[in-house]
Each structure stands twice: as structure tokens, then as C-alpha cells.
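Working notes, structure below.
We did not get these values from a lab; they are worked out from the coordinates using the rules stated. If you're wondering where the values come from, they're calculated on a predicted model, not measured in any experiment.
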């Protein structure tokens, strides 16, 4: 099962990807994690990325696409993958399509997690994560079951992103609608897009996503 999760910053893509990973046993692939792993492993493309970042420049699409390609060739992706945060642009989406075709693979489903912007801002401003495993929490919607203890790994260390505030989020949303939201139409035209309301509780949203994904798998 080869999936993409789409949605604006804070829509819950990371949380839902981890839950899908637990259920389907396929890896969650985020651009940041893949980039860091490639640099740490000192792969050919990782060294190229490291050199670019050392100069304070942005990593090019060519390098990002190469890192994704290398990651998809690893054994744990044999049964499928969940892409979270990639592709971000139409150019990356087209590169991904060619990349998968060359590997004899194809996307099965693209799930758009749809949200209300103003409610999203409220959601974002209260979120925090486990510093150890990355499990997500929220001051209102999802506190740890045991105070100050991660439900997933038991760590007592948590962190908040400094950019989780209304002003910064509005800027990030603007960038999303300019660069990434065109992918909704792109994948709709290909017959791959499925839309799920992301404004409910985490559990029901996850159930809706799973139902959509499993329906795609039966096609």
C-alpha cells in the first residue's frame, strides 16, 4: 500500500501517519527524517545535501527527490510506504510519479486531511510532542493519560515548537495554499484523491482514513 497524506500544517498528518504505520506495518517517510538519515549515513546524496546545508542554501528538489528515491529502495518499503510532507509541489509530484514508474510501483491512494483554518490555529497553539518518540499531544484535545508521561514510550520529556503560534501559522498556511494545495487537484485528476474531514477527534479521523485506505486496497 503506497500512500500520500496531504493537508496543511497542523492537520494531523504526522499523528495519523504513525497510527497507520502501527496498523499496516509500513513506514512513515517524512522529508526531514529522510534528509537527516541520509546526511548521518553519509550516502552519496546525503553528502551532497550536507554540503549545500553547510553553505546555508536550501536543498534542491533534485537532491530531495534523490533522497526519497534511495529511501524507497530500502527493504522496509517493500510492502508499501506513507509519505508525509512530500511531495510539496507539483514539480515534486511529477518527479515522484516518474520515480515510482521506474521502480515498477505506483501510488494507491492520496488522502487529503481537510481542516478549517481558524479551528486549526486554535489546535496548533496548544500542541506539544514527546521529546523522545515524537508522539503528539494537545493542551485541550489530547493530554497524556498519566500526567507528564508519554503514553507511547513512557518518557517524561516534552517539547513545543517555537513557531506554533497564530502569526507564524498564518504564514505557513499561506505557503501551503500557494505551493502544496495544487496537489489536491493534481491527484484528483488522476483518480487517486480521497478526502477525509480532519476536524474531529483523532480516533474517528483515523478510523475514517483507515476505511478509505482499505477501500483503495481492495480496488
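The slack between residue 212 and residue 36, meaning 0.36 nm per residue of separation minus the straight C-alpha distance, is 60.3 nm. Can you give the Kirkwood hydrodynamic radius of the chain from its Cα pairs, in Å with one decimal? 18.3 Å is the Kirkwood radius here.
Taking the Kirkwood radius as Rh and the Cα radius of gyration as Rg, the stretch 68-108 has a ratio of Rg/Rh equal to 0.93. Normalised by the number of residues in the stretch 1-136, the mean separation of alpha-carbon contacts (under 8 Å, six or more apart) gives a relative contact order of 41 percent.
Just to check, using Stokes-Einstein with a Kirkwood Rh over alpha carbon pairs, what's the diffusion coefficient of the stretch 33-128 at 10 °C and 1.306 mPa s in µm²/s? The calculation lands on 103 µm²/s. Remark: the residue 98-residue 118 segment gains 3.5 nm on full extension, using 0.36 nm per residue and subtracting the alpha carbon distance.
Full extension from residue 79 to residue 132: what is 0.36 nm times the residue separation minus their Cα-Cα distance, to one decimal in nm? Each step should come with its number before you reach the end.
On the way: separation 53, 0.36 × 53 = 19.08 nm, distance 2.69 nm.
Residue separation times 0.36 nm, minus the Cα-Cα distance, leaves 16.4 nm.
Per residue, the convex hull spanned by the alpha carbons of the stretch 131-219 comes to 140 Å³.
Counting Cα-Cα pairs of the stretch 1-81 in 10 Å increments starting at 0 gives whole-percent bin shares of 17, 44, 32, 7, 0. At q = 0.15 Å⁻¹, what log₁₀ I(q)/I(0) does the stretch 101-141 have when each alpha carbon counts as one equal point scatterer in the Debye sum? Reported log10 I(q)/I(0), two decimals: -0.62. P(r) tail, the stretch 89-166: Cα-Cα pairs separated by more than 22 Å, 50% of all pairs.
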